[in-house]
Amino acid sequence: MADTMVKNKTGQSASLKIQTLAALCAVIGAVALPQIVHVIGAVSGLGTALGEVILPMHLPIILVGLLAGSFAGAVSGFLAPVISFALTGMPGIGLLPFMMVELCAYGFLAGLLRKASIPTFFKVLLTQVGGRLIRAAAILIAFYAFGYSKIPVSIIWTSITAGLFGIILQCTLIPLAVFRIENAKSKEP
């Protein structure tokens, strides 16, 4: 049975099976990492606030977008919050649709920027800005057009300020991970 083929960054064909596997790994990471961070937060007395600072769900989603493309990034970004909610009850139901939109945007935008001839740091930063703008737009539309009041509009700004450390962490760790993975691939026979 032939796999559906799509072009990757180097112009080689990557199968849909590989993209699906990458998305699955990203979803697992995006569900597991927040749980680890929440345990650390509970032990340290910070509770779930540590997750709002570190933004652990974002890391695997942006990374898979940069490595496997927009399809894998968007699918994993959309599914990770849903699966996390089903398994752990987090994110809360009021925030869930906005996390789905935001993470889907991160994965999709990272995939779009994957081929851009700019440093990975800027790809991550642009992905963060784009994802945050899309999330803000979704919150504003839900609040003003549909009267959605489960979360306040002020969460747009408070989540940005609370997550600054996480954004810096992503702009540091993701380029290093991409470099290591691409460097390892280039050494393969």
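The values are calculated or read from the model by the stated rules, or taken from the named source; none is laboratory data. In this text, all values refer to a predicted model and were calculated from it rather than measured experimentally. Note that we place each Cβ from the backbone using ideal geometry, even for glycine, and neighbour counts take in every protein chain shown. Surface accessibility is based on the protein's heavy atoms, side chains included, excluding ligands, DNA and RNA. Shrake-Rupley method; radii C 1.70, N 1.55, O 1.52, S 1.80 Å.
Residue selection: F121 fails the criterion of being closer than 26 Å to K150 by Cβ, in contact with a helix residue (DSSP H, G or I) (Cβ under 9 Å, 6 or more places away or on another chain) and open to solvent by 20 Å² or more (accessible area, probe 1.4 Å). When residues in region 116-155 are screened for being under 15 Å from L66 (Cβ atoms) and of a type outside the set (A, V, I, L, M, F, W, C), 8 of them pass.
Number of residues in region 67-91 that are touching a helix residue (DSSP H, G or I) at 6+ places or on another chain (Cβ under 8 Å) and open to solvent by 10 Å² or more (accessible area, probe 1.4 Å): the value is 15. Quick one: would you say A22 is open to solvent by less than 20 Å² (accessible area, probe 1.4 Å), among the small types (G, A, S) and either in a helix (DSSP H, G or I) or touching a residue at least 60 places away in the same chain (Cβ under 8 Å) (or both)? When the stated conditions are applied, A22 does not pass them. Tell me, which residue of region 136-189 that is of a type in the set (V, I, T) and more than 22 Å from E52 (Cα to Cα) is surrounded by the fewest Cβ atoms within 10 Å (Cβ to Cβ)? Applying the filter and picking the extreme gives I141. Considering only residues in region 92-148 that are in a loop (DSSP other than H, G, I, E, B) and β-branched (V, I, T), the one that is modelled with the highest pLDDT turns out to be I118. Beta carbons closer than 7 Å, at least 6 apart along the sequence or on distinct chains, pair a first residue in region 88-117 that is free of Cβ contacts under 8 Å to residues at least 40 places away in the same chain with a second that is open to solvent by 40 Å² or more (accessible area, probe 1.4 Å) for P91/F85; L96/F85; M100/F78; M100/V82; V101/I134; E102/I134; C104/F78; A105/I134.
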